[in-house]
Structures are given as C-alpha cells and as structure tokens.
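As structure tokens, the structure follows; a few thoughts come after it.
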Amino acid sequence: MSSLQPAQLVEQLHRGDPRSVARAISLVEDQSDVGASIMQGLDQQRLDEALTVGITGPPGAGKSTLTGALIHHLRQQKIRVGIIAVDPSSPLTHGALLGDRIRMMDHALDQDVVVRSMATRGRLGGVCAAAGAAMRIMAASGCRVILVETVGIGQSEMDIASLADITVLVLAPGFGDEIQAMKAGILEVVDLLVINKADMPGAQKLLFDLGKGLRASDQVLQTCASEKQGTADLLTRLLSLEKMLRQEQKLQQRRLCSLRQETVDWSLELFKKRLTALVHAQHCTGIDPRVAAEQLLNRVIPG
Amino acid sequence: MSKKDPSLQGWQDNELARTLARFPERKDKFTCHGGRTVERLALPEEVDQEYLDKLGFPGRYPYTRGVQPTMYRGRFWTMRQYAGFSTAAASNERYRYLLEQGQTGLSVAFDLPTQIGYDSDDPMSLGEVGKVGVAIDTLADMETLFDQIPLDKISTSMTINSPAMVLLAMYIVVAEKQGVSADQIQGTIQNDILKEYVARGTYIFPPQPSLRLITNIFQWCSTNAPKFNTISISGYHIREAGSTAAQEVAFTLANGLTYVQTALDAGLALDDFTPRLAFFFNASSNLLEEVAKFRAARRLWAKLMKERFQAKKPATMMLRFHTQTAGNTLTAQQVDNNIIRVTLQALAAVLGGTQSLHTNSRDEALSLPTEASVRTALRTQQVIAHESGVADTVDPLAGSWYVEQLTDAVEQEAMQLIERVDEFGGVVACIENGFIAGQIEDAAYQYQQEIESGERVIVGVNEFQVDEDVEVPVMRIDPAVEDEQVHQLKQVKAERDQEAGQQCLSDLETAARSESANLMEPVLNAVRCYCSLGEICNVLRGVFGEYRGRAW
Amino acid sequence: MEVYRVLIAKPGLDGHDRGAKFIARALRDAGFEVIYTGIRRTPNEIAASAVQEDVAAVGLSSMSGAHARLFPAVLASLRQAGAADIPVLGGGIIPAEDITLLQEAGICSVFTPGTPAQAIIKAFKDACQQQHQHRN
C-alpha cells in the first residue's frame with residue numbers, strides 16, 4: 001500500500017479496513033508527521049462509546065488465555081473488539097519478540113478482532129502514548145471494547161494498564177507475586193482482581209491473603225480461563241462496571257486524567273526528539289548539565 | 001573384594017546362566033584376528049562396593065552396563081528403519097519388499113494430517129497429505145497398508161501420538177480381520193504426548209485429557225494386548241529441538257515419571273504396565289558424551305523407579321530404548337559428510353547399549369531419503385555390527401575415567417533438572433509456564449550462536465566449504481497423491497453404513513464426557529464402522545477442546 | 001531511527017519450529033520487532049496477521065516438504081488481503097530446483113539449512129527497507 005493522504009486513511013479506517021487501521025497505528029507510533037492529523041480526524045462519538053480495559057499481571061498468570069476467553073465471549077455477542085498486546089523491547093538492541101498472538105489465533109480470520117502487538121521501544125512513557133493512540137484508532141474503526149494486555153506488575157506496566165477505563169490485575173497461585181503486588185500497593189489502583197487457575201492448589205490461600213488488601217469483596221473474581229470458567233462473569237462485571245462509571249460520570253473523569261497523562265507522555269516523546277537535536281547542535285561550552293538543562297527548559301517553558 | 005566376589009558369582013549363576021540357557025550367544029567363541037579371546041564382560045581388578053553401586057553387572061540393577069547380561073553377544077540390536085510415504089498402497093509395497101529382504105519389524109511414518117487428527121480433505125491438510133509419511137483416513141487405508149502382511153508374525157512400530165488410540169484401534173481391527181487376536185499383536189506406539197507440547201508439536205488436545213487417553217490405552221492393553229509396547233517415551237525430539245544431552249535425559253525421564261504417576265492415580269498396578277514402557281533417544285555426534293548419556297539414563301531411571309515407586313521387578317526398572325541418529329546434525333552442504341556423522345552417532349548408540357536403531361540417510365537435509373541412501377544408512381549399522389567388533393563385548397567403555405566421570409555428570413545434571421521440574425509443580429505445569437520449552441530454546445540458541453560465531457566448527461558449513469554444483473537426486477512425492485487420497489476418502493464415506501457410524505460417534509462422545517470411561521472400546525467400534533480419523537478426533541475436540549500453544 | 005516489524009510464521013502442520021524460533025531471536029537481537037505466529041497457521045491466517053501487525057516483511061518456515069504448495073498460497077492470501085506489497089521470505093528443507101520455482105512465484109529469498117544467520121538478517125533488512133520506501 002503506497003502512502004495515502006491522512007484524510008483518506010482516516011476515512012478507510014472508519015470503515016474498518018484492516019490495512020488502514022494497522023497503517024494508522026504505525027504512523028502514529030513511528031511519530032510520523034501525519035500522526036497528529038490522523039488523530040484529529042477520528043470519529044469522536046465512537047471514541048466516547050468505546051470501553052478500554054487494561055489487563056496486567058505476572059508472566060504465567062494466564063493473561064493471554066484470559067484475553068482469548070474474553071474475545072470469545074465478546075464475539076458471541078457480536079461485539080467488535082481490539083487487542084493491544086504490549087511486550088518489552090530489549091534495552092540493548094531495541095528489538096523485541098512479540099508472541100502473544102499465538103493465544104489469539106482462534107480469531108485470526110475474524111475481521112472484527114483487531115490484534116496489534118506493540119513493543120515498549122525503551123521509551124519513557126512513550127509506549128503509553130503509542131498504546132493510547134492505538135486504542136483510539138481501534139475505537140474509531142468500530143471496536144466497542146479494547147483490551148490492553150501488559151506483562152508484569154511493575155510501575156510501567158501499571159501505567160499502561162491504568163490508561164484504560166478499567167484496570168484488571170490477573171494473578172494465579174504458585175507465582176509468589178501476590179506479596180509483591182501487595183507491597184507495591186497495586187491492589188489500591190486496580191478495579192478488578194482476577195484469580196486465574198482457581199482450580200489449582202493454593203488458589204484459596206491466595207484469595208485469603210489478598211482479601212486483606214481489597215477495597216470490597218466484589219473486587220475479586222475467580223476464573224479458570226483455559227476452561228472459560230468464570231470468564232463470562234468477568235465480562236458481565238466489566239460491562240456493568242462501565243455502566244456504573246458512565247452513570248456516575250466517573251468515566252469522563254478517568255479519561256480526562258488519562259488524556260492529561262498521555263499529553264505529558266507525548267510531549268516528552270516529541271520534545272526528546274527535538275531536544276536531542278538541539279543539544280547536539282550547540283557547542284559544548286563545558287557548562288554543568290544540570291545548569292544547562294534548567295536554561296533550556298526556561299527557554300521552552302518559562303517557569 | 002576380588003573378581004571372585006560373591007555378587008559376581010551370583011550374577012553368573014543367575015542372570016547370566018538363565019539368559020545363556022534361553023538365548024545362546026551368536027558364536028561359541030568370540031575372538032580377534034589371530035585367535036585372542038574377546039571377553040564377555042571386562043571387569044576392574046577389584047569389584048568393590050563403589051563399582052557395584054555405580055555400575056554393577058549387565059542385566060542387574062542399576063543397569064548402567066546394559067539391560068541384558070550378554071547384550072549384543074546374544075543378539076544384535078534391531079535395525080529398524082522408519083519408513084512410509086504417500087498412500088497406503090505405495091507404503092504397503094515398500095513394507096512387503098522390506099519383509100522379503102528379511103526385515104522382521106516395520107516402523108510406520110504417518111503424514112502430518114494423520115498425526116494431528118485431520119482427514120486428507122480437511123483444509124488444514126493442504127499440501128501435507130502423504131508428505132512425511134503415509135496418509136491414513138479410515139480403516140480402509142489401514143487394511144491396504146497391511147494387506148498380505150501377517151500381523152501375528154511381525155512387530156510394528158507406529159510414530160503416532162495424540163491420535164494413537166485411533167491408529168492402534170485400526171491396527172487391532174485389521175489384525176482381527178486377519179484372524180489375529182489382540183493378545184498376539186506385537187509392536188510399539190509412540191503415544192508420548194508430553195514431549196509434543198515442548199518439542200515436536202503434533203498435539204491436538206490439552207494435556208489432561210491427553211493423559212487420560214494414554215492411561216486408557218495402558219489399561220486396555222494390559223489385559224487385551226499384553227505384548228504391545230504402549231508408549232515410547234521420547235527424548236529424540238527434545239534433543240532435535242536443541243536441548244543438551246543432560247536436558248534430553250531429564251525431560252524424558254520427567255515425562256516418564258508423569259505417565260507412571262498418572263497411571264497409578266487411575267488405579268493401575270505398577271508392574272502391570274511399566275514393563276511395556278519403552279524409551280526413544282537421540283544419538284548426536286559427541287561420541288563419548290552420548291555413550292555416557294545412555295548409561296546415565298539407564299541408571300537414573302532404575303533409581304527413580306526404585307526410590308519413588310518402590311519398584312521391585314527388574315522389568316519395571318529397566319530402561320529399554322530405541323535410538324535414532326540426530327537429524328539436526330545433517331547438513332545440506334557436502335551431503336556425503338553426513339554418512340560419517342551418522343557412523344559416529346550410530347557407534348555411540350551401540351556403545352551405549354541401545355535395543356534398536358534407526359540410522360538417518362545422507363540426503364535428509366534435502367528431502368525424504370532416496371532408496372540408495374537408505375541402503376547406505378542400513379549398511380552403516382551392519383558394518384558396526386559385523387566388522388567393528390564393538391558388539392562382541394558388553395559395555396566396552398566402562399571403567400574409562402573420562403566416560404565414568406561424564407556418566408556421573410550427566411546423571412547429576414539431569415537429576416537437578418528433574419528436581420526443578422518437581423519444584424515448579426511437575427511436567428504439566430512446566431509445559432504451561434514455559435520452563436521446559438524455555439530451557440530447550442536457550443540451549444538451542446546458544447548452540448546456534450556458537451556455530452554462527454565460528455566457535456563451533458561444522459565441517460562443510462562454517463569451515464572447509466567448497467563450491468558445490470553437484471546434483472543430488474531427491475525423493476519427491478507426487479502432488480497428485482493428495483487428490484487421489486481425498487477421492488478415496490469420499491468413496492469410503494459414501495459406501496459405509498451412515499447410521500451405524502453416527503451412532504458410534506455419539507456413543508464415543510457420551511463416553512468421553514464421562515471421566516471414568518475407557519475410550520478404547522468406543523473408538524474400536526467407530527473404527528469398525530469406517531468412521532474417519534478426523535471424525536473421531538473432532539468428536540474428542542468437541543469434548544476436550546484444543547491445545548493452542550503457549551504465548552512466546 | 002526506523003524500526004522494522006516482521007512476522008515469522010509456520011504454515012502447514014509441521015511442529016519443528018527450532019529454525020523459526022532461532023531466526024525470530026536472531027532478528028530480535030538485530031533490532032527487529034518480531035511477531036511470531038506459532039505453528040500450524042493457514043495461509044489466510046498468516047496474511048491477516050501480517051496486515052493487522054503492519055509488518056514490513058513475512059518470513060515462512062516449513063520442514064515437511066509442503067513449501068511448494070503453501071508458500072505460494074501465502075502470497076495469494078496476501079494479494080487477496082490487498083497486501084501484495086509485503087515481501088515474503090522462506091526457509092526450510094527445500095530442494096534446489098524448488099528454490100527457483102518459489103522465487104518465480106514471488107518469494108523474494110529462500111534459505112536452506114546452513115545459511116548463516118547474518119545472511120538471513122541482511123535479506124530481511126533489505127526487504128524491509130524496500131518495503132518502507134515503497135509505503136512512505
């Protein structure tokens with residue numbers, strides 16, 4: 001596909017054309033000059049109507065399988081769904097292996113299941129920005145629900161997951177991450193906690209241990225995603241939570257919050273590009289870096 | 001203690017005497033050129049406790065020196081070449097030729113659609129029908145495959161895993177039609193699903209229902225087909241996927257332990273099914289490490305069976321194995337070099353005490369082997385057997401400081417890995433969490449990087465290259481085979497009793513839904529009604545679900 | 001800096017993915033973003049994934065001898081998906097005369113066992129570079 005005008009591309013992605021959706025995401029992710037005009041042209045009503053769900057958890061907890069089950073239930077209800085699967089890039093080579101699609105191949109031929117693998121590309125906040133843009137492009141293409149999957153329960157994974165309207169943390173017995181999750185105070189920021197592989201020994205203990213950190217008893221769900229047990233309930237819970245958040249006007253607040261954060265992230269991303277060029281262009285005057293940074297910043301944003 | 005140790009005397013009077021009485025040795029006297037006698041079993045000056053614990057005598061715990069007291073002085077290993085291609089009729093012709101040439105066992109290669117439970121007309125089968133083996137859709141194909149081959153006289157090894165029950169059922173029904181009852185049939189089905197998830201990839205169902213199918217087969221065969229080996233626990237493919245020698249031993253034995261435990265949990269008695277467990281290993285080019293690997297595997301399995309399951313019967317503790325030379329070491333460059341690689345590998349298998357052996361052909365990095373190169377591969381085994389002299393004495397490398405040290409090291413490393421698998425919740429958990437596949441992939445990547453960097457020399461590939469312009473004849477499967485097979489399947493489906501077939505499939509579904517039912521009889525019934533492999537597997541897919549592979 | 005995204009796929013039924021996984025890792029180490037589909041993918045699934053992931057190249061691996069039918073089938077699926085511009089590279093146990101046939105059918109590079117990883121990486125780089133020039 002040769003280059004298209006942004007307007008044309010946006011028109012085609014609004015019709016759900018798979019290639020245009022994918023190209024638009026790349027153009028924005030690669031910080032192409034046309035990125036802004038693409039984002040500007042997206043159908044605002046569709047963006048408003050879509051629900052975004054962040055799913056995170058330690059490796060091996062069964063996130064991809066859980067995502068696969070959610071896709072299955074959504075498709076049974078004929079709901080078009082988008083999935084963004086985020087994996088880390090190598091800090092050394094910047095390359096990445098993106099293998100989450102394997103679990104979603106059941107839906108590979110379904111044009112209403114839009115899957116996109118995304119690497120973190122070692123950027124500070126940048127992946128949040130790219131993932132946020134991808135979510136909106138998918139929404140504009142008609143996806144009613146968009147799932148964002150990240151691996152791990154570190155700060156950056158939580159940041160990505162909390163870009164979404166609703167955040168889900170997935171844990172499974174036997175990984176010892178519950179302690180880490182509690183220490184990090186993650187339970188306080190997630191909307192739903194899913195104990196996956198609930199049929200395995202240790203699930204009840206995990207549930208008990210985590211019970212102390214929960215805000216409400218209905219914040220936790222048990223699933224066995226490989227058997228699609230409890231996963232339909234999870235979807236019902238997500239949709240009813242959405243309804244509640246919309247009724248209480250909380251969804252708007254959350255989105256506003258995310259948009260602000262994304263704006264900061266995008267600014268940093270774009271600034272960094274120009275800033276690097278600027279600093280490299282200047283003669284090295286031997287000035288202390290801390291001092292130089294202050295001077296530069298004052299030039300851009302007078303304090 | 002001296003060589004006149006009472007334990008030596010005990011071995012000579014019992015194990016050895018019994019074996020010699022039943023199976024005389026190949027020759028009355030084994031000699032070198034000039035008449036010097038070749039000893040049956042070379043021993044150290046002092047047979048002390050450490051020797052007895054670590055090595056012992058062949059045919060006696062811990063079986064380090066072999067599972068039979070006389071090993072190849074009694075009988076050579078079975079030279080069993082894996083074969084099968086295109087249609088049942090074409091393969092049948094090849095088998096009958098091989099049997100006329102004096103071969104006593106067959107080894108059937110199935111095509112990939114058959115191995116994954118798809119009929120030849122399934123869209124998934126496109127391009128694969130008859131490619132790497134023979135296509136079997138219904139009983140009719142199996143009847144053709146074994147036409148005029150007496151199933152009471154030959155033993156048949158079938159490389160089939162996930163749908164092993166269906167192919168075994170077809171084999172049993174073909175035998176029935178020949179007037180041969182199930183208790184007379186001999187052979188082996190691979191039936192080792194666990195390694196498919198981490199290495200070979202021909203899985204259909206998730207691990208748990210797959211283990212149930214395997215246990216159902218153990219159970220049914222222990223009463224009805226007691227001479228049939230119900231599983232061949234395979235390290236071969238783990239090694240092909242790039243594992244180290246110690247990983248091959250570890251993950252294979254860990255799988256074996258899982259099958260034993262699953263069968264015990266289902267209520268089977270240890271000694272009823274364990275004598276029918278067989279193993280299958282890879283022989284790679286590092287000659288001494290491979291010999292040590294086979295010896296270590298035998299000793300470790302015996303120990304594990306004794307310590308973990310309180311096994312007492314020798315047959316329960318003995319690790320008997322088939323070996324195939326390492327396909328992944330074959331190069332497309334200077335293909336004749338592969339003959340030399342195969343020779344080294346085959347020698348390792350024989351020095352390591354294998355029970356049967358397949359030697360790869362020189363051209364297998366290019367295509368399925370031609371008949372000429374298959375013959376050279378077989379000749380390689382015959383030269384080792386008849387000319388090299390290594391088969392005239394038992395476990396000839398025992399007592400080499402290096403080989404014994406290496407045997408200990410491989411055993412120790414393998415045991416540590418088995419313990420890690422245990423810690424992570426066992427083999428099934430380690431399939432899901434990626435521990436086993438990850439270990440293999442890391443080893444494979446490292447090995448390949450060593451080749452890329454030139455640190456590891458592969459002759460003809462990264463050193464000693466030549467400009468080649470030699471036409472190597474390759475074996476081709478006619479693409480028309482696929483259409484022909486699809487046509488035959490349609491015919492069989494049109495001619496059978498539809499109602500009876502449907503009834504069998506719905507009975508199978510009911511049985512599959514009841515966790516306590518043994519599925520062997522319902523599958524036998526479905527096969528008799530010419531239900532196809534794909535139809536049977538689809539019923540089971542509906543009940544068990546399909547395994548999708550792990551995110552990577 | 002431009003980042004190349006590539007799809008590594010195994011069409012057909014063979015489960016021997018040691019080579020495919022090695023290439024995937026080697027490409028990652030060379031700075032590519034590599035999407036791996038897993039084993040047993042149909043040509044249509046591979047084409048649909050290539051489109052959704054907006055990759056600059058697709059690499060196919062087949063060890064069972066089914067390449068003659070499956071590799072061209074992937075090209076056809078890509079055409080049907082409006083993505084004929086995405087270059088396809090292939091590897092596996094492929095006899096010499098098939099290499100010519102595959103190249104005539106439109107597979108841009110074919111690799112056999114023993115091809116150095118650096119040569120494969122370079123072929124992917126060239127293919128991606130061309131595709132990026134074409135698309136932008």
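Some observations on this one:
- Residues in segment A:69-78 that are within 14 Å of chain B (Cβ to nearest Cβ) and open to solvent by 10 Å² or more (accessible area, probe 1.4 Å): A:H72 alone.
- Matching entry among B:A302, B:A326 (being modelled with pLDDT of 95 or more and either at positive phi or touching a Pro at 6+ places or on another chain (Cβ under 9 Å) (or both)): B:A302
- Top-ranked residue of segment A:42-62 - restricted to ones that are over 18 Å from A:D165 (Cα atoms) and either crowded, with 24+ Cβ neighbours inside 10 Å or touching a Cys at 6+ places or on another chain (Cβ under 7 Å) (or both), ranked as farthest from the other protein chains (Cβ to nearest Cβ): A:A61
- Qualifying helices (runs of 4 or more DSSP H) (wholly inside segment B:446-552; at least 1 residues being open to solvent by 50 Å² or more (accessible area, probe 1.4 Å) and among the acidic types (D, E)): B:480-495, B:498-513, B:520-528
- Within segment B:360-370, if we keep just the residues that are more than 10 Å from chain C (Cβ to nearest Cβ) and without any contact (Cβ under 8 Å) to a residue 40 or more places away in the chain, the residue that is most open to solvent (accessible area, probe 1.4 Å) turns out to be B:R362.
- The conditions of being aliphatic (A, V, I, L, M) and more than 14 Å from every other protein chain (Cβ to nearest Cβ) are not met by B:A109.
- Single condition A:D30 does not satisfy, out of (1) in contact with a strand residue (DSSP E or B) (Cβ under 6 Å, 6 or more places away or on another chain); (2) open to solvent by 20 Å² or more (accessible area, probe 1.4 Å); (3) away from chain B (no Cβ under 14 Å): (1)
- Residue in segment B:286-295 that is touching a strand residue (DSSP E or B) at 6+ places or on another chain (Cβ under 7 Å) and either assigned by TED's automatic domain parsing to the domain that holds B:P396 or at negative phi (or both) present: yes
- Verdict on B:Q148 being touching a Leu at 6+ places or on another chain (Cβ under 9 Å) and either surrounded by fewer than 22 Cβ atoms within 10 Å (Cβ to Cβ) or of a type in the set (K, R) (or both): no
- Among the residues of segment A:79-97, those identified as β-branched (V, I, T), more than 13 Å from chain B (Cβ to nearest Cβ) and open to solvent by less than 10 Å² (accessible area, probe 1.4 Å) are A:V81, A:I84.
- Only residues that are crowded, with 24+ Cβ neighbours inside 10 Å and either among the polar types (S, T, N, Q) or without any contact (Cβ under 8 Å) to a residue 40 or more places away in the chain (or both) were counted in segment A:98-119, giving 6.
- Some residue of segment C:98-118 being part of a helix (DSSP H, G or I), touching a Pro at 6+ places or on another chain (Cβ under 7 Å) and either at pLDDT 95 or above or buried (at least 20 other Cβ atoms within 10 Å of the Cβ) (or both): yes
- Those helices (runs of 4 or more DSSP H) of segment A:30-77 in which at least 3 residues are closer than 30 Å to C:F32 by Cα, considering only elements entirely within it, cover A:35-40, A:63-76.
- Subset of segment A:122-147 that is at pLDDT below 95 and over 23 Å from A:S37 (Cα atoms) - its residue that is least open to solvent (accessible area, probe 1.4 Å): A:G122
- For B:A414, the conditions (1) surrounded by fewer than 21 Cβ atoms within 10 Å (Cβ to Cβ); (2) within 30 Å of A:G60 (Cα to Cα) all hold with the exception of (1).
- Residue match in segment A:227-244 (condition: free of Cβ contacts under 8 Å to residues at least 12 places away in the same chain, open to solvent by 80 Å² or more (accessible area, probe 1.4 Å) and of a type in the set (K, R)): yes
- Top-ranked residue in segment A:257-279 [being open to solvent by 90 Å² or more (accessible area, probe 1.4 Å) and modelled with pLDDT of 85 or more; ranked as farthest from A:Q222 (Cα to Cα)]: A:R260
- For segment C:105-132, a residue qualifies if it is within 14 Å of chain B (Cβ to nearest Cβ) and under 12 Å from the mean Cα position of the chain (by Cα), and the qualifying residues are C:V110, C:F111, C:I120, C:I121.
- The residues of segment A:98-112 that are at pLDDT 90 or above, outside any loop (DSSP other than H, G, I, E, B) and facing another protein chain (nearest Cβ under 7 Å) amount to a single one, A:L98.
- Hey, B:V129 under 21 Å from B:D478 (Cβ atoms) and not in a strand (DSSP E or B) or not: yes
- Members of segment B:390-411 found to be in a loop (DSSP other than H, G, I, E, B), open to solvent by 30 Å² or more (accessible area, probe 1.4 Å) and small (G, A, S), listed by number: B:G399, B:S400
- Taking the listed residues A:A119, A:A36, A:A61, A:A24, the one that is out of contact with any Ser or Thr (no Cβ under 9 Å at 6 or more places or on another chain) and under 30 Å from A:Q5 (Cβ atoms) is A:A36, with no other qualifying.
- The residues of segment B:61-89 that are hydrophobic (A, V, I, L, M, F, W, C) and touching a residue at least 60 places away in the same chain (Cβ under 8 Å), listed by number, are B:V67, B:M71, B:F76, B:W77, B:M79, B:A83, B:F85.
- Tally of residues being small (G, A, S), at the interface with chain A (Cβ under 8 Å from one of its Cβ atoms) and in contact (Cβ under 8 Å) with a residue 60 or more places away in the chain across segment B:420-435: 1
- Residue match in segment B:245-264 (condition: surrounded by fewer than 23 Cβ atoms within 10 Å (Cβ to Cβ), in contact (Cβ under 8 Å) with a residue 12 or more places away in the chain and among the hydroxyl-bearing types (S, T, Y)): yes
- Residues (in contact (Cβ under 8 Å) with a residue 12 or more places away in the chain and farther than 30 Å from B:E50 by Cβ) located in segment B:384-402: B:I384, B:A385, B:S388
- Restricting segment B:38-95 to residues that are over 30 Å from B:P113 (Cβ atoms) and in contact with a strand residue (DSSP E or B) (Cβ under 8 Å, 6 or more places away or on another chain), the residue that is most open to solvent (accessible area, probe 1.4 Å): B:V38
- Scanning segment C:44-89 for residues that are open to solvent by 10 Å² or more (accessible area, probe 1.4 Å), more than 14 Å from chain B (Cβ to nearest Cβ) and farther than 19 Å from A:D17 by Cα yields one hit, C:P87.
The values are calculated or read from the model by the stated rules, or taken from the named source; none is laboratory data. For clarity, every value in this text was computed on a predicted model and none was experimentally measured. Neighbour counts run over all protein chains shown; Cβ positions are idealised from the backbone, glycine included. Side chains are part of the model used for accessible areas, which takes the heavy atoms of the whole protein and leaves out ligands, DNA and RNA. Shrake-Rupley method; radii C 1.70, N 1.55, O 1.52, S 1.80 Å.
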